[in-house]
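Here is the structure we will look at.
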Amino acid sequence: MKNLNSNELVTAIKSNRIKLIISLIFLLTTSILIYIGYKEQHGNFEVTTSMQEIEGNENNLEGKEAYIEVTMEPFVFAAYESDGKRSDLKYYLVMDKENFLYVVYMNNKDYTRLSKSTINKPIKITGVTEKIETNIKELAIKAYNEELGEEYLTLDNFNEYVGPILLNTNVRIDDSMIYYILSLVTFTLFLGIFLVWLTIELKNKKVFKNYTKEDLEKIGMQIYSLTNNPYKDMKLYLTKNNIVDLASGIVILTYDEIICAYPYEYRYNGLRINKVIKVITNKNKTYEIANTKLLKKDKDKTIDEIINILKKKNSNIKTEYTKEVKKEIKATKKIKKEKEKVKK
């Protein structure tokens with residue numbers, strides 16, 4: 001991009017660069033969310049809340065990820081049977097390094113990891129907390145008291161010594177879908193803003209290709225000389241020789257090259273959402289100027305005013321896109337092609 005002294009043109013360029021920065025921020029956010037989702041999905045995030053901490057909060061015990069640092073070989077006290085076969089999942093009593101007792105529901109693989117041959121230091125197990133049903137409590141009490149040789153645990157003191165919840169190591173909380181959905185939202189925002197930036201960037205490059213720095217400086221000076229510009233809020237500048245619209249990228253046109261300028265409405269479900277002026281040049285190029293989205297009132301009146309000004313600048317400008325206008329554009333295009341052939 002050329003270095004310019006025109007504040008308006010420079011602002012238009014910088015405004016588009018901000019769109020690029022915002023889009024890249026959304027892309028970075030997308031990458032972070034996908035990374036967190038992947039970690040959640042594969043259980044790579046470390047569980048940082050202990051069972052002891054959770055049991056200290058009586059109002060919110062179940063459905064929480066937690067860990068226990070086990071220091072003794074688990075003591076099995078119950079297992080389900082199906083068709084005469086014991087389930088791989090069993091109920092165990094375990095003890096942590098602070099000698100607190102817990103009920104754990106886990107499989108043989110986890111149990112083997114906590115056997116006497118391997119548990120020479122605290123081993124961390126993780127899972128999700130669940131309420132201990134009364135029948136499981138009764139089985140745990142019976143097994144523990146028989147092992148101890150005295151009536152130590154009862155239903156009355158069970159919550160005090162063991163707690164009302166167990167740790168199920170076979171399930172985990174997977175919030176990955178939430179992160180994947182959020183990443184889809186941020187990626188859509190990235191894509192939308194990036195495409196807007198790219199469209200405007202390509203439009204600006206065409207302008208800079210057709211005008212020298214000196215030409216742009218002259219146009220910038222003409223913009224500066226407009227001391228009272230009623231269309232400044234629309235980022236539209238009707239200078240002595242040019243139309244300059246900076247609402248969405250840079251559009252620079254001379255009055256002489258315009259064949260047709262007519263109002264155009266964008267509607268959604270029958271409701272008008274925007275009104276602009278469509279401008280067609282003698283090169284059969286169509287541009288949009290006078291974006292009324294940037295105005296709060298008098299949109300129709302403003303559009304009519306601008307079209308009248310264009311007519312004063314070039315009395316040959318048609319204000320309706322008719323069949324005659326289409327024929328004129330084709331004829332102009334044909335003459336241009338013939339001139340180019342003669343040059344060759």
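The values are calculated or read from the model by the stated rules, or taken from the named source; none is laboratory data. This one's a predicted model, so the numbers in the text were calculated from it and none came from an experiment. Heads up, the Cβs are rebuilt from the backbone with ideal geometry, glycines too, and the neighbour counts pull from every protein chain shown.
Listed here are the residues, each with its yes/no results for (1) surrounded by fewer than 16 Cβ atoms within 10 Å (Cβ to Cβ); (2) at pLDDT 90 or above; (3) not aliphatic (A, V, I, L, M).
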position	(1), (2), (3)
ASN228	yes, no, yes
MET234	no, no, no
THR239	no, no, yes
ARG272	yes, no, yes
ASN284	yes, no, yes
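From SER15, SER82, SER23, which residue is at pLDDT below 80, farther than 30 Å from LYS121 by Cβ and either surrounded by 14 or more Cβ atoms within 10 Å (Cβ to Cβ) or out of contact with any strand residue (DSSP E or B) (no Cβ under 6 Å at 6 or more places or on another chain) (or both)?
SER82 is the lone residue from the list that is at pLDDT below 80, farther than 30 Å from LYS121 by Cβ and either surrounded by 14 or more Cβ atoms within 10 Å (Cβ to Cβ) or out of contact with any strand residue (DSSP E or B) (no Cβ under 6 Å at 6 or more places or on another chain) (or both).
Please determine whether any residue of segment 188-197 is part of a helix (DSSP H, G or I), over 35 Å from the mean Cα position of the chain (by Cα), crowded, with 17+ Cβ neighbours inside 10 Å and not polar (S, T, N, Q).
There is no residue in segment 188-197 that is part of a helix (DSSP H, G or I), over 35 Å from the mean Cα position of the chain (by Cα), crowded, with 17+ Cβ neighbours inside 10 Å and not polar (S, T, N, Q).
Return yes when THR292 is of a type outside the set (Gly, Ala, Ser) and over 32 Å from the mean Cα position of the chain (by Cα) and no when it is not.
no
Looking at ALA331 and the list (1) more than 20 Å from ALA247 (Cβ to Cβ); (2) surrounded by 12 or more Cβ atoms within 10 Å (Cβ to Cβ), which single condition is not satisfied?
(2)
Need at least 1 residues that are assigned by TED's automatic domain parsing to the domain that holds GLU160, among the aliphatic types (A, V, I, L, M) and under 44 Å from the mean Cα position of the chain (by Cα) per element, so show me which strands (runs of 3 or more DSSP E) inside segment 39-141 make the cut, counting only ones lying wholly within it.
The strands (runs of 3 or more DSSP E) meeting that bar are 65-70, 85-95, 101-106, 123-131.
Being crowded, with 16+ Cβ neighbours inside 10 Å and under 36 Å from the mean Cα position of the chain (by Cα) narrows it down to one of VAL279, VAL325, so name that one.
Checking each option against the conditions leaves just VAL279.
Give LEU153, LEU167 a once-over and let me know the one that is in the same structural domain as THR112 (by TED's automatic domain parsing), assigned to a loop (DSSP other than H, G, I, E, B) and either buried (at least 16 other Cβ atoms within 10 Å of the Cβ) or at pLDDT 90 or above (or both).
Just a single option satisfies the conditions, and that option is LEU153.
Would you confirm, using the coordinates I've provided, whether ILE223 is touching a Phe, Trp or Tyr at 6+ places or on another chain (Cβ under 7 Å) and part of a helix (DSSP H, G or I)?
Yes, satisfied.
Out of the residues in segment 241-268 that are in contact (Cβ under 8 Å) with a residue 12 or more places away in the chain and aromatic (Phe, Trp, Tyr), which is surrounded by the fewest Cβ atoms within 10 Å (Cβ to Cβ)?
Out of the qualifying residues, it is TYR264.
Taking strands (runs of 3 or more DSSP E) that do not extend beyond segment 255-317, which have at least 2 residues that are in contact with a Ser or Thr (Cβ under 7 Å, 6 or more places away or on another chain) and either closer than 20 Å to THR199 by Cβ or not acidic (Asp, Glu) (or both)?
Filter on segment 255-317 gives 258-268, 271-281.
Restricting to segment 227-243, name every residue that is of a type in the set (Val, Ile, Thr) and out of contact with any helix residue (DSSP H, G or I) (no Cβ under 6 Å at 6 or more places or on another chain).
Within segment 227-243, THR227, ILE243 qualify.
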